[in-house]
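J.: One structure, as structure tokens, below. Some questions next.
Bear in mind that the values in this text are calculations on the coordinates, not laboratory data. Owing to the predicted nature of the structure, the values given are computational and were not obtained by experimental measurement. Please note: Cβ atoms are built from the backbone with ideal geometry, for glycine as well, and neighbour counts cover all protein chains shown.
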Amino acid sequence: MKYFLCACLCILAAGCATTAPQRDATEAFGLATERLGRMGEDEFAAVRSGIIRMNKYQAILDTGALSKDFRYDAPATPLNTAERISACKTLRMYGDLLMRLASDDRTQFVRRAALVFMDSAGETLGRPLDADQTAAIDNVVAGLARFWTDKRKADSISAVVLSFENVVNTLADRLMADFVLDGSPDGFLNAYDASARRLQDLADSLLDSGKPVGADGRQRAVNAHYMAQNNLLRAQEIGLRMQTAIQTFRKANAEIVSGVRNNACDADKIREYGRLIQQLGNLKQILPR
């Protein structure tokens, strides 16, 4: 009997797909992913607002520009921004669902998280979920009507993780495309960076021209210079940190999938992912907007 118990404990300690260590890793991954999605939503909205604000300052400083020359928000139009926020929201809801499934939460909040994630994923993908994905969500919803055993919880986590693996990786790739400063005109952070550079060039040309611009004119130029500097710094720092966070997210997601498929995962990669998201959140609080 003693040896049987020891064997069971060893299995539990080694197992990663259905055991406490795996559930802890999944909960930590879910929490970090929920935060990543939330920060992405906030950042896309901030980028759009920043582009509009910088374009307005350019219009004020460039006295030779006509109204038809003014820029407004491109490429961060309302539709484009909403699409990106939708992708971030789906990631946030995915993290929230995994976090609730892995925890001891057995309330209707789990059901709500599953349904909200399903609706958000369908909206972002622009199509209904496939059969496996729908079944995974339905099993979560239906499972709450029965006794929510550890096995049923583990099976639900496995089904969700496997059926949405490619979806969440695709969403991560979409976000990555907007946070790489490679000069692409369609990338949001590229547009933000380009707006800041135009504004700085215009402000600096006025400040360095040697021509009298008056106290009000100089104040506008100085304000524009500092705004441009702040936003260039933000573009560089947020871009690099978001790229690293998204790359680490993909590695951490691969470990969660490995835990389901192979009964083994690297908890250190999950912890590293959580640490990077924490650092990103701290940075966002102090960078100017």
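J.: Can you list, bin by bin at 5 Å, the percent of alpha carbon pairs in the range 200-266, starting at 0?
T.: Answer for the range 200-266: a P(r) of 3, 15, 14, 11, 8, 8, 7, 7, 6, 6, 5, 5, 4, 2, 0 percent.
J.: What do you get when you divide the Cα radius of gyration of the range 160-289 by 2.2 N^0.38 Å, with N the number of residues?
T.: This ratio for the range 160-289 stands at 1.47.
J.: What is the magnitude of the charge dipole of the range 185-258 about its Cα centre, with +1 placed on the Cβ of each Lys and Arg, -1 on the Cβ of each Asp and Glu, and no other charges, expressed in debye to the nearest 20?
T.: Charge dipole, the range 185-258, about its Cα centre: 80 debye, nearest 20.
J.: While we're on this one: Output the 0 to 90 degree angle, nearest 10, between the alpha-carbon long axis of helix 131-143 and the longest principal axis computed from the alpha carbons of the chain.
T.: Long axis of 131-143 versus the principal axis of the chain: about 70 degrees.
J.: While we're here: Treating only the Cβ atoms of Lys and Arg (+1) and Asp and Glu (-1) as charged, compute the dipole magnitude of the chain about its Cα centre; round to the nearest 20 debye.
T.: Dipole magnitude for the chain comes out near 520 debye.
J.: What ranking, highest mean first, results for peptides 45-55, 25-35, 77-87, 63-73 when packing means the other Cβ atoms within 10 Å averaged over each residue?
T.: Numbers: 45-55: 19.5, 25-35: 23.4, 77-87: 16.4, 63-73: 10.2.
Highest mean packing first, the order is 25-35, 45-55, 77-87, 63-73.
J.: Which whole-number percent gives the relative contact order of the chain, counting Cα pairs below 8 Å spaced six or more residues apart?
T.: On the way: 354 pairs, mean separation 73.6, N = 289.
Averaging sequence separation for qualifying contacts and normalising by length gives 25 percent for the chain.
J.: Here is a further query. Residue separation times 0.36 nm, minus the C-alpha to C-alpha distance between Asp208 and Arg53: what's the value?
T.: Value of the extension gain: 53.5 nm.
J.: Here's a follow-up. Among the aspartates and glutamates, which have Cα under 18 Å from the Cα of Lys284 when same-chain residues fewer than 8 positions away are ignored?
T.: Leaving aside aspartates and glutamates fewer than 8 places away in the same chain, those within reach of Lys284 are Glu34, Glu41, Asp42, Glu43, Asp178, Asp193, Glu237.
J.: Round to the nearest 0.05 the FRET efficiency obtained for Leu240 and Glu123 when R0 = 41 Å and r is the Cβ-Cβ distance.
T.: 0.85
J.: Further question: Here are a few candidate values for Rg/Rh (Cα atoms, Kirkwood Rh): (1) 0.98; (2) 1.35; (3) 1.13. Which one was actually calculated from the structure I just gave you?
T.: The calculated read-out lines up with (3).
J.: Less than 19 Å apart at the alpha-carbon level, and either on another chain or at least 8 residues along: which aspartates and glutamates does that give for Lys153?
T.: Qualifying aspartates and glutamates at Cα under 19 Å: Asp24, Glu27, Asp96, Asp104, Asp105, Asp132, Asp138, Glu165, Glu255.
J.: How many angstrom lie between the C-alpha centres of the range 238-289 and the range 131-208?
T.: Taking the Cα centre of the range 131-208 as reference, the centre of the range 238-289 is 12 Å away.
J.: Roughly how tilted is helix 267-286, in degrees to the nearest 10 and between 0 and 90, from the longest Cα axis of the chain?
T.: Computed tilt is about 30 degrees.
J.: Could you work out the relative contact order of the range 216-289? I mean the mean sequence separation of Cα pairs under 8 Å and 6+ apart, divided by the number of residues, in percent.
T.: 41 percent
J.: At 7 Å along the Cα-to-beta-carbon direction for both Arg261 and Gln278, put a label point, then send me their distance in nm to one decimal.
T.: 3.0 nm
J.: Kindly provide the helix-only [θ] at 222 nm of the chain, computed as the sum of -39,500 (n - 2.57) over DSSP H runs of four or more divided by all residues, to the nearest 500 deg cm²/dmol?
T.: Result for the chain, helices only: -28000 deg cm²/dmol.
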